[in-house]
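The values are calculated or read from the model by the stated rules, or taken from the named source; none is laboratory data. As the structure is a computational prediction, the values presented were derived from the model and not from experiment. Heads up, the Cβs are rebuilt from the backbone with ideal geometry, glycines too, and the neighbour counts pull from every protein chain shown. All accessible areas refer to the heavy atoms of the entire protein, side chains included, with ligands and DNA or RNA removed. Shrake-Rupley method; radii C 1.70, N 1.55, O 1.52, S 1.80 Å.
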Amino acid sequence: DSLQRAIELKPDDAFLYEQLAIVFEFKFVKSGNLLFTEQQKEEARYSAVDAFRKSAQLRPAWPDGWAHLARTKAYISEIDDEFSQAFNNAISLGATEPRVDNELRPLCPVIAYFEVPDTIINFCSAET
């Protein structure tokens with residue numbers, strides 16, 4: 001509720017959207033099965049994607065925002081054009097950033113089963 005209120009006061013603050021997305025992400029990734037219903041987790045999945053998307057749009061030159069969006073979409077098995085664009089934005093803006101690499105590299109085994117652009121395949125094939 002505090003983050004939602006802060007966003008109302010500062011609707012162009014990418015950091016606030018990122019923090020909101022992390023809260024939603026906690027509900028469906030890290031909370032376990034006891035704290036939230038399946039419906040709450042499902043809603044949180046898409047709310048996290050929406051908040052990470054907004055954060056990346058508000059701060060498009062920041063590779064971390066794109067990496068977070070790509071990772072979250074991978075968690076919910078949405079390996080689509082938006083995923084590919086977010087992944088590509090992250091590597092084109094921050095390929096040498098360890099935190100971006102740490103965010104994206106674990107996705108490589110999962111996305112190997114999907115049709116993705118060559119830039120992603122090359123990233124996943126490269127040695128770290």
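Computed values, structure above
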{"read-out": "F83 vs. criteria modelled with pLDDT of 95 or more, in contact with a Lys or Arg (Cβ under 7 Å, 6 or more places away or on another chain), open to solvent by less than 70 Å² (accessible area, probe 1.4 Å) and under 30 Å from D118 (Cβ atoms)", "value": "yes"}
{"read-out": "Unmet requirement for S92, which otherwise passes all of (1) over 27 Å from S2 (Cβ atoms); (2) surrounded by 14 or more Cβ atoms within 10 Å (Cβ to Cβ); (3) at pLDDT 95 or above", "value": "(2)"}
{"read-out": "Test for T37: is it under 20 Å from Y113 (Cβ atoms) and either open to solvent by 40 Å² or more (accessible area, probe 1.4 Å) or free of Cβ contacts under 8 Å to residues at least 60 places away in the same chain (or both)", "value": "no"}
{"read-out": "In segment 45-75, the residues that are aliphatic (A, V, I, L, M), surrounded by fewer than 21 Cβ atoms within 10 Å (Cβ to Cβ) and part of a helix (DSSP H, G or I)", "value": "L58, A74"}
{"read-out": "Filter result (in contact with a helix residue (DSSP H, G or I) (Cβ under 8 Å, 6 or more places away or on another chain) and part of a helix (DSSP H, G or I)) within segment 1-21", "value": "L3, Q4, A6, I7, A14, F15, L16, Y17, E18, Q19, L20, A21"}
{"read-out": "Filter result (hydrophobic (A, V, I, L, M, F, W, C) and part of a helix (DSSP H, G or I)) within segment 35-44", "value": "A44"}
{"read-out": "Residue that is nearest to E127 (Cα to Cα), among those in segment 78-93 that are touching a Phe, Trp or Tyr at 6+ places or on another chain (Cβ under 8 Å) and among the small types (G, A, S)", "value": "A90"}
{"read-out": "Selection from segment 97-106 of residues that are farther than 17 Å from S125 by Cβ and either loosely packed, with under 15 Cβ neighbours inside 10 Å or in contact with a Lys or Arg (Cβ under 9 Å, 6 or more places away or on another chain) (or both)", "value": "P98, R99, N102, E103"}
